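Enquirer: Let me begin by handing over the structure; questions about it come next.
The values are calculated or read from the model by the stated rules, or taken from the named source; none is laboratory data. The shown structure was predicted, so the numbers you read here are calculated from the model rather than taken from an experiment. Every residue, glycine among them, receives a Cβ derived from its backbone with ideal geometry; neighbour counts consider all protein chains shown. Keep in mind that these areas ignore ligands, DNA and RNA; they rest on the heavy atoms of the full protein, side chains included. Shrake-Rupley method; radii C 1.70, N 1.55, O 1.52, S 1.80 Å.
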Amino acid sequence: RTVFDNIKKSIAYLFAGNLGAIIAILFAVIMNWANPFTALQLLFINLVNDSLPAIALGMEKSEPNVMKRKPRKIEEGIFAGGTLTSVITRGILIGIAVITSHFIGLRHGAEMGVAIAFTTLILARTLQTFPARSNEQTAIGAGFFQNKYVLGAVAIGFVLYGLTIMPFARDIFHIPADFGWNEGLIAFGLALASMILMEFVKVVRKQKLREQE
């Protein structure tokens, strides 16, 4: 049961992150904005940044109620048990954070819009690792330091992003010279807000389920 749970968590993490990117891109198309990401940026996120968090989620410990659940039906899909809801919720929140940052960046030009949208997406997807650890427990409730692989994956994710804003890589990843601390803090703040809202939604949903019992 734990192995199956962890497979679902890894898949949900990847789907939610990609959904957030798709939402931001579709919104930009509808609003006739510049594309918020380059192909290389998305490739970097999917191949380099997302791989370690997904693997780390596979190392998550068992949920407290894992042996109290009823046996899973054979025909039950991978997105059953609240997983699909979590994917959609987290994807929408990531999308909103990226759209907001893209809008802010576009006021300073299309290139800045791309840079801050990319930064927000990569940070939001990395921080999403914490809410992805459980559909029921918050990261703190699950024991923030219990899964050291998650902590390591998030730390490496931030380091990898840091490489993209180094002088030798800025041109490759379309990060303009005037992208500095202010823009970085805006992107980080929006990414952090999306993560906090993911956890808040989880708490509200759990409370509603308790009231229905």
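Enquirer: Taking N49, is it under 27 Å from F179 (Cα atoms) and surrounded by fewer than 19 Cβ atoms within 10 Å (Cβ to Cβ)?
Expert: No.
Enquirer: At least 3 residues that are within 28 Å of E60 (Cβ to Cβ) and out of contact with any helix residue (DSSP H, G or I) (no Cβ under 8 Å at 6 or more places or on another chain) in each: list the helices (runs of 4 or more DSSP H) lying fully within region 104-213 that qualify.
Expert: In region 104-213, 148-164, 181-212 are the helices (runs of 4 or more DSSP H) which contain 3 or more residues that are within 28 Å of E60 (Cβ to Cβ) and out of contact with any helix residue (DSSP H, G or I) (no Cβ under 8 Å at 6 or more places or on another chain).
Enquirer: Further, regarding this structure: Out of I165, I116, report the one residue that is open to solvent by less than 50 Å² (accessible area, probe 1.4 Å), of a type in the set (A, V, I, L, M, F, W, C) and without any contact (Cβ under 8 Å) to a residue 60 or more places away in the chain.
Expert: Step by step, each of I165, I116 is checked, and only I165 is open to solvent by less than 50 Å² (accessible area, probe 1.4 Å), of a type in the set (A, V, I, L, M, F, W, C) and without any contact (Cβ under 8 Å) to a residue 60 or more places away in the chain.
Enquirer: For L84, state whether it is part of a helix (DSSP H, G or I), under 21 Å from K206 (Cα atoms) and free of Cβ contacts under 8 Å to residues at least 60 places away in the same chain.
Expert: Against the criterion (part of a helix (DSSP H, G or I), under 21 Å from K206 (Cα atoms) and free of Cβ contacts under 8 Å to residues at least 60 places away in the same chain), L84 qualifies.
Enquirer: Which residues, taken from region 1-34, are assigned to a loop (DSSP other than H, G, I, E, B), touching a residue at least 12 places away in the same chain (Cβ under 8 Å) and surrounded by fewer than 18 Cβ atoms within 10 Å (Cβ to Cβ)?
Expert: R1, A34, listed by residue number.
Enquirer: Only residues that are open to solvent by less than 10 Å² (accessible area, probe 1.4 Å) and either free of Cβ contacts under 8 Å to residues at least 12 places away in the same chain or over 16 Å from the mean Cα position of the chain (by Cα) (or both): list them for region 119-162, please.
Expert: Correct list: A142, N147.
Enquirer: Please determine whether any residue of region 76-83 is of a type in the set (V, I, T), open to solvent by less than 30 Å² (accessible area, probe 1.4 Å) and modelled with pLDDT under 95.
Expert: yes
Enquirer: Here's a follow-up. Do we have E183 as within 18 Å of the chain's Cα centre (by Cα) and among the charged types (D, E, K, R) here?
Expert: So E183 fails the test.
Enquirer: So, in region 175-213, of the ones that are closer than 24 Å to F158 by Cβ and acidic (D, E), which residue ends up surrounded by the fewest Cβ atoms within 10 Å (Cβ to Cβ)?
Expert: Step by step, filter region 175-213, then rank; the result is D178.
Enquirer: Can we say T89 is over 30 Å from D178 (Cβ atoms), among the hydroxyl-bearing types (S, T, Y) and either in contact with a Lys or Arg (Cβ under 7 Å, 6 or more places away or on another chain) or part of a loop (DSSP other than H, G, I, E, B) (or both)?
Expert: Judged against the criteria, T89 is not a match.
Enquirer: Determine, yes or no, whether A54 is outside any loop (DSSP other than H, G, I, E, B), touching a Phe, Trp or Tyr at 6+ places or on another chain (Cβ under 8 Å) and surrounded by 14 or more Cβ atoms within 10 Å (Cβ to Cβ).
Expert: Criteria met by A54.
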